[in-house]
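Comments concern the structure below.
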Amino acid sequence: MSAARGVRIGLGAVGCVLMGVGVWLLLADSRPGTGVQVALWLAGAVTLHDFVLVPLVLAAGWALARLPGSPRRHRLWRAALVTAGVLTLVAAPVLLRPASANPSLLPLDYPRNWALLLAATAAVALLVPWAEQLGRRLRKGRP
């Protein structure tokens with residue numbers, strides 16, 4: 001067995017144990033009805049993933065593949081779009097939160113920080129090809 005296979009099996013086992021702990025805590029230490037709410041939330045998450053997120057990602061990848069340019073650049077933009085999508089999904093609960101009377105619950109400017117992360121992701125996607133081209137020039141001895 002290769003080391004990579006052993007690591008995958010170990011991580012999978014740890015993940016299964018942690019999921020089991022999560023289910024046990026859900027069933028043992030929660031209010032009545034929480035299990036139903038969690039099941040509904042999970043069903044909604046799976047539905048949103050399968051019928052909204054995946055088609056959007058596939059459509060974006062399909063559209064990017066048809067743009068002129070190198071396939072390497074297309075991969076970079078697909079990675080940037082997937083990163084932006086994941087950042088948006090992670091930030092969605094605080095971006096869509098109702099206003100709270102207690103400002104200490106969410107003390108930061110989350111919409112601004114989310115926008116800054118998206119801008120940083122786009123900047124990296126724009127700068128990587130430029131940096132690669134500059135590196136090729138420098139290796140050839142031209143500034």
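The values are calculated or read from the model by the stated rules, or taken from the named source; none is laboratory data. Note that the structure is a prediction, hence the values are computed from the model and not measured. Quick reminder, even Gly has a Cβ in these numbers, built from the backbone with ideal geometry, and neighbours come from all protein chains shown. Protein only, heavy atoms only, side chains kept; ligands, DNA and RNA dropped before computing areas. Shrake-Rupley method; radii C 1.70, N 1.55, O 1.52, S 1.80 Å.
Key figures
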quantity: Filter pass, Arg31 being without any contact (Cβ under 8 Å) to a residue 40 or more places away in the chain, charged (D, E, K, R) and closer than 30 Å to Pro129 by Cα; calculated: no
quantity: Filter result for Val46 (part of a helix (DSSP H, G or I), open to solvent by less than 80 Å² (accessible area, probe 1.4 Å) and among the β-branched types (Val, Ile, Thr)); calculated: no
quantity: Residues of region 33-48 satisfying the condition of being at pLDDT 85 or above and of a type outside the set (A, V, I, L, M, F, W, C); calculated: Gln37, Gly44, Thr47
quantity: Filter result for Leu116 (more than 30 Å from Leu25 (Cβ to Cβ) and assigned to a loop (DSSP other than H, G, I, E, B)); calculated: no
quantity: Selection from region 1-30 of residues that are at pLDDT 85 or above and open to solvent by 100 Å² or more (accessible area, probe 1.4 Å); calculated: Arg5, Arg8, Leu11, Leu18, Met19, Trp24
quantity: Matching residues in region 55-87 - criterion: being open to solvent by 50 Å² or more (accessible area, probe 1.4 Å), part of a helix (DSSP H, G or I) and not aliphatic (A, V, I, L, M); calculated: Pro55, Trp62, Pro71, Arg72, Arg73, Arg75, Trp77, Arg78, Thr83
quantity: Number of the condition not met by Leu106 [criteria: (1) part of a loop (DSSP other than H, G, I, E, B); (2) exposed (fewer than 10 other Cβ atoms within 10 Å of the Cβ); (3) of a type in the set (A, V, I, L, M, F, W, C)]; calculated: (2)
quantity: Residue pairs meeting the criteria (Cβ under 6 Å; at least 6 apart or on separate chains; first more than 13 Å from Leu56 (Cα to Cα), in region 81-98; second of a type in the set (A, V, I, L, M) and modelled with pLDDT under 85); calculated: Val94/Leu106
quantity: Residue list for region 109-120, filter: open to solvent by 80 Å² or more (accessible area, probe 1.4 Å) and touching a helix residue (DSSP H, G or I) at 6+ places or on another chain (Cβ under 7 Å); calculated: Leu117
quantity: Qualifying residues in region 88-103 (those that are assigned to a loop (DSSP other than H, G, I, E, B) and of a type in the set (S, T, N, Q)) - the one surrounded by the most Cβ atoms within 10 Å (Cβ to Cβ); calculated: Ser100
